[in-house]
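Participant: A single structure is presented below for examination.
Coordinate-derived values only; no laboratory data. What you see is a predicted model; the values in this text were computed from it and never measured. Ideal geometry is used to build each Cβ from the backbone, glycine not excepted, and the neighbour counts take in all protein chains shown.
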Amino acid sequence: SEFNYTAMVLPPLKQARMGINRQLVYTGITRAKNTFELVADKKVLQLAMNKSVSRASGLYERLTF
């Protein structure tokens, strides 16, 4: 889904360690057609950008023989 305006508020650093990652921020940004607004501490955003989610979809196993 796309929206003309999206906003994302990231939690304080103590609460952000488990729940945020690069994919979450990317999703928020790419849902905006015109305007994206981010409210976050710089350290929290850096934490999110450096944390990636490893996926366990099983796709690799299905494609290899």
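Participant: Report the longest stretch of the chain that contains none of the trypsin sites (Lys or Arg not before Pro) sitting in a DSSP loop with at most 15 other Cβ atoms within 10 Å.
Facilitator: 1-30
Participant: What FRET efficiency comes out for LEU63 versus GLU2 if R0 is 30 angstrom and r is the Cβ-Cβ distance? Round to the nearest 0.05.
Facilitator: Between LEU63 and GLU2 the formula returns 0.50.
Participant: Defining a contact as two alpha carbons under 8 Å apart and six or more residues distant in sequence, what relative contact order in percent does the chain show?
Facilitator: 43 percent
Participant: Can I ask one more? Dipole magnitude of the chain about its Cα centre, charges +1 at Lys/Arg Cβ and -1 at Asp/Glu Cβ only, in debye to the nearest 20?
Facilitator: The calculated dipole for the chain is roughly 200 debye.
Participant: Would you please give the residues with an amide H less than 5 Å from that of MET8, counting only those at least 5 places away or on a separate chain, with H modeled from the backbone geometry?
Facilitator: GLU37, LEU38, VAL39
Participant: A follow-up question, please. Quick one: net charge around ARG31, please, counting Lys, Arg +1 and Asp, Glu -1 for every other residue with C-beta under 14 Å from its C-beta.
Facilitator: Charge balance in the 14 Å sphere: -1.
Participant: Can you list the GluC sites (Glu not before Pro) in the chain that are in a DSSP coil and have 16 or fewer other beta carbons within 10 angstrom?
Facilitator: GLU2
Participant: Further, regarding this structure: Nearest 500 deg cm²/dmol is fine: what mean residue ellipticity at 222 nm does the chain get from its DSSP H runs of n ≥ 4 alone, each adding -39,500 (n - 2.57), divided by its residue count?
Facilitator: -12000 deg cm²/dmol
Participant: Pop a pseudo-label 7 angstrom from the Cα along the beta-carbon direction at both PHE36 and LEU24 and give the gap in nm to one decimal.
Facilitator: Here the answer is 1.5 nm between the modelled labels.
Participant: Let me ask you something else. Taking θ = phi - 60°, what integer Hz values does the Karplus form 6.51 cos²θ - 1.76 cosθ + 1.60 yield along segment 41-50, in sequence order, with x for Gly and Pro?
Facilitator: Per residue, the Karplus-derived 3J(HN,Hα) values read 6, 4, 5, 5, 5, 4, 4, 5, 5, 8 Hz.
Participant: Another one. Considering only C-alpha atoms, what is the centroid distance from segment 42-63 to segment 1-27, in Å?
Facilitator: About 14 Å separates the Cα centre of segment 42-63 from the one of segment 1-27.
Participant: So, one more: Tell me which residues come under 5 Å, amide H to amide H, from LYS51 once H is placed; ignore anything under 5 positions away on its chain.
Facilitator: When sequence neighbours closer than 5 places are left aside, the close amide H contacts are ARG22.
Participant: Spelling out what I want: for every residue of segment 28-40, take phi, set θ = phi - 60°, compute 6.51 cos²θ - 1.76 cosθ + 1.60 (Karplus), and round to whole Hz; glycine and proline get x.
Facilitator: Along segment 28-40, the couplings run x, 5, 6, 7, 8, 7, 10, 9, 10, 10, 10, 10, 6 Hz.
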